[in-house]
Amino acid sequence: MLVLTRKLGESIAIDDHIKIVVVQIKGKQVRLGVQAPQETKIHREEIYAAIQEQNKKAAQTVFVPGQLVRVLKGS
Amino acid sequence: MLVKTKYFGMLEVEEKEVLKIPNGILGFPEDRDFCLVDSGDETFIIWLQSLNHVDMVLPLLEPKLFKPDYTVKLSPSECAKLELESVHAAAVFAILTIPECIESMSANLKAPLLIHLKKRIGMQVILQDSHGSIEYPMFKQLKLHTSLGSKEQAPLSVVSLESLPVSLTFDVQL
């Protein structure tokens, strides 16, 4: 992994179109600004882990014939 | 081909009923080929059954049934991955999580499954601009919808992808 040291306000460029700026440093938190073409997908990495977990939970759904209808139509 | 399913016994799945998800479903990297099964009950829920692992099956539901204002915005690169040339050629489904306590069921609105109906390609998309929750509670809305009119009971069947409803709830981001 390439590791670079940057100061507040400095940035790094990725390819020709992506720029990441250090916007704020506060204690253990760093705020980053990302400039990228609109089609670039940018997510906090945790979102991938959260969706994986949710998919796994979804796959634990148990199908019992008639049960869903009964509960959905019940009063 | 004859396919073993987790809940629906052995089913005959035709070539044109196979849904390819080239990038897989997050958390299930080995599953690429699926079919959709209608359990035949009176709910609109259909089941995404993996053809690679019998135990991998997920319930799906069209989001508009419980959240009419739900929209999906795709980036041009996502459209390209899905080989989607028109927004009128795809269906949108939310993956449901239905725990033992059915009233606590939820839908993942942050990462819906998109299906190109003609090319039979699917993709789980993580929406960039949506504030959609990955665990959106929707039992009450679905119950209300079901009380207004449910699907007719039908025999258990493999769903023909071309028969799926085209979703008009999404757009390409330009």
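The values are calculated or read from the model by the stated rules, or taken from the named source; none is laboratory data. As the structure is a computational prediction, the values presented were derived from the model and not from experiment. A quick note on method: Cβ atoms are made from the backbone with ideal geometry, for glycine too, and the neighbour counts reach across all protein chains shown. What goes into the accessible areas is simple: the full protein's heavy atoms, side chains included, and nothing from ligands, DNA or RNA. Shrake-Rupley method; radii C 1.70, N 1.55, O 1.52, S 1.80 Å.
Of A:K56, A:K19, all but one fail to be within 12 Å of chain B (Cβ to nearest Cβ) and either open to solvent by 70 Å² or more (accessible area, probe 1.4 Å) or part of a helix (DSSP H, G or I) (or both); the exception is A:K56. For B:L127, indicate whether it is within 11 Å of chain A (Cβ to nearest Cβ) and surrounded by 15 or more Cβ atoms within 10 Å (Cβ to Cβ). Considered against the rule, which asks whether it is within 11 Å of chain A (Cβ to nearest Cβ) and surrounded by 15 or more Cβ atoms within 10 Å (Cβ to Cβ), B:L127 comes out as yes. Looking only at residues in the range A:24-52 that are part of a helix (DSSP H, G or I) and at the interface with chain B (Cβ under 7 Å from one of its Cβ atoms), the one that is least open to solvent (accessible area, probe 1.4 Å) is A:I51. Kindly indicate whether any position in the range A:65-73 is closer than 27 Å to B:K151 by Cα, open to solvent by less than 80 Å² (accessible area, probe 1.4 Å) and in a loop (DSSP other than H, G, I, E, B). Yes.
Across the range B:40-51, the qualifying residues are those that are over 18 Å from B:A107 (Cβ atoms) and touching a strand residue (DSSP E or B) at 6+ places or on another chain (Cβ under 8 Å), and the one among them that is modelled with the lowest pLDDT is B:G40. Would you check if B:E30 is open to solvent by 10 Å² or more (accessible area, probe 1.4 Å), under 14 Å from the mean Cα position of the chain (by Cα) and more than 10 Å from chain A (Cβ to nearest Cβ)? Spelling it out, it is not the case that B:E30 is open to solvent by 10 Å² or more (accessible area, probe 1.4 Å), under 14 Å from the mean Cα position of the chain (by Cα) and more than 10 Å from chain A (Cβ to nearest Cβ).
Scanning the range B:124-138 for residues that are farther than 23 Å from B:C79 by Cβ and not in a loop (DSSP other than H, G, I, E, B) yields B:Y136, B:P137. Got at least one residue in the range A:7-15 being surrounded by 13 or more Cβ atoms within 10 Å (Cβ to Cβ), facing chain B (nearest Cβ under 9 Å) and either assigned to a strand (DSSP E or B) or out of contact with any Cys (no Cβ under 9 Å at 6 or more places or on another chain) (or both)? For the range A:7-15, residues surrounded by 13 or more Cβ atoms within 10 Å (Cβ to Cβ), facing chain B (nearest Cβ under 9 Å) and either assigned to a strand (DSSP E or B) or out of contact with any Cys (no Cβ under 9 Å at 6 or more places or on another chain) (or both): absent. Where strands (runs of 3 or more DSSP E) fall entirely within the range B:37-109, those with at least 3 residues that are open to solvent by less than 10 Å² (accessible area, probe 1.4 Å) and within 11 Å of chain A (Cβ to nearest Cβ) are at B:46-50, B:57-61, B:90-97. When the residues of the range B:7-22 are narrowed to those that are open to solvent by less than 70 Å² (accessible area, probe 1.4 Å) and within 12 Å of B:L51 (Cβ to Cβ), which ends up nearest to the other protein chains (Cβ to nearest Cβ)? The residue in question is B:I21. Pull up the range B:133-151, narrow it to residues that are at pLDDT below 85 and open to solvent by less than 50 Å² (accessible area, probe 1.4 Å), then point me to the one that is farthest from the other protein chains (Cβ to nearest Cβ). Checked the range B:133-151; the qualifying residue farthest from the other protein chains (Cβ to nearest Cβ) is B:G149. Candidates in the range A:59-70 are the residues that are within 18 Å of B:F28 (Cβ to Cβ) and more than 7 Å from chain B (Cβ to nearest Cβ); of these, the one that is nearest to the chain's Cα centre (by Cα) is A:Q60. Considering the range B:110-124, the residues that are within 14 Å of the chain's Cα centre (by Cα) and not aliphatic (A, V, I, L, M) include one that is surrounded by the fewest Cβ atoms within 10 Å (Cβ to Cβ), namely B:R120.
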